[in-house]
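The structure under discussion appears below in the form of structure tokens.
The values are calculated or read from the model by the stated rules, or taken from the named source; none is laboratory data. Since the model is a prediction, treat every value here as computed from it, not as a measurement. Here Cβ is always computed from backbone atoms with ideal geometry, including for glycine, and neighbour counts include all displayed protein chains. Quick note on the areas: whole protein, heavy atoms, side chains included, nothing else; ligands and nucleic acids left out. Shrake-Rupley method; radii C 1.70, N 1.55, O 1.52, S 1.80 Å.
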Amino acid sequence: MLPLYDVNRARRPALVVKALVLLNALAFLLELAWGPEAVIQALGFIPALFFQDPLGEGYRLLTSMFLHGGFFHIFSNLWFLWIFGDNVEDRLGHGRFLLFYLLGGVAAALAQGIMDPASSVPMIGASGAVSAVLGGYYVLFPRAYVVALVWFILPFTLALPAGFYLGYWALLQLLQGLAGVPGIAFWAHLGGFLFGAFTVRAFAPRWRRW
């Protein structure tokens, strides 16, 4: 199910979400210009290297979340960020949301690394940080409706509560992670989601936590 939009209007412009979309797009263009393979090896998160030298390799926890493996990869991540990020930013405030997003990406990368600490395959993408945003949305706005595109013989749209839609999404990440489906960092997705769900209220100003 591809989310098309949520029925949950934010009260203030999502300045950080827009800036993150722009930064990711610019980073992707630079990645293409400089050569994706070289950039990913230099800046992607590699668990085996990190656990050998956490201080020396720690920068990869941040740089990796601004790299992507292709147009569909970056589009899907930024699409989810665009749909769900504005309301979470509205609730947390701009500065707190940026910190929440970045720490969520770090937590997601560490979750993937812990599950496969000997891996020498670079992990890239904003999906871990975006997953933290999804976890935050799940907690803050479970009754908001998400309109999703569904394929079943013919495509149609379906409106679902965000709690159900995002809970279903998180369950898929868990099942695919347990099944060992290759090529996607499902544990990063799940780790980011859990980070967002368990910490989002702590990031919100006291008068906006409920």
- Task: Confirm whether F75 is aromatic (F, W, Y), open to solvent by 20 Å² or more (accessible area, probe 1.4 Å), under 20 Å from F195 (Cβ atoms) and modelled with pLDDT of 95 or more.
- Result: no
- Task: Tell me, please, whether a residue that is in a loop (DSSP other than H, G, I, E, B), closer than 19 Å to P36 by Cα, touching a strand residue (DSSP E or B) at 6+ places or on another chain (Cβ under 9 Å) and β-branched (V, I, T) can be found in the range 108-124.
- Result: yes
- Return a yes/no flag: does the range 127-136 have any residue that is part of a loop (DSSP other than H, G, I, E, B), closer than 25 Å to E31 by Cβ and among the small types (G, A, S). no
- Message: Any residue at all in the range 6-19 that's within 19 Å of F193 (Cβ to Cβ), part of a helix (DSSP H, G or I) and without any contact (Cβ under 8 Å) to a residue 60 or more places away in the chain?
- Response: no
- Scan of the range 160-204 for residues that are closer than 14 Å to F141 by Cβ, assigned to a helix (DSSP H, G or I) and open to solvent by less than 50 Å² (accessible area, probe 1.4 Å), ordered by number: A162, G163, Y165, L166, G167, G196, A197, V200
- Just name the residue that is nearest to the chain's Cα centre (by Cα) out of those in the range 36-71 that are open to solvent by 70 Å² or more (accessible area, probe 1.4 Å) and touching a residue at least 24 places away in the same chain (Cβ under 8 Å). L62
- Query: Looking at this structure, is L23 in a helix (DSSP H, G or I), more than 26 Å from G163 (Cα to Cα), hydrophobic (A, V, I, L, M, F, W, C) and within 19 Å of the chain's Cα centre (by Cα)?
  - Reply: yes
- In the range 114-153, which residue that is within 19 Å of the chain's Cα centre (by Cα) and of a type in the set (S, T, N, Q) is surrounded by the fewest Cβ atoms within 10 Å (Cβ to Cβ)? S127
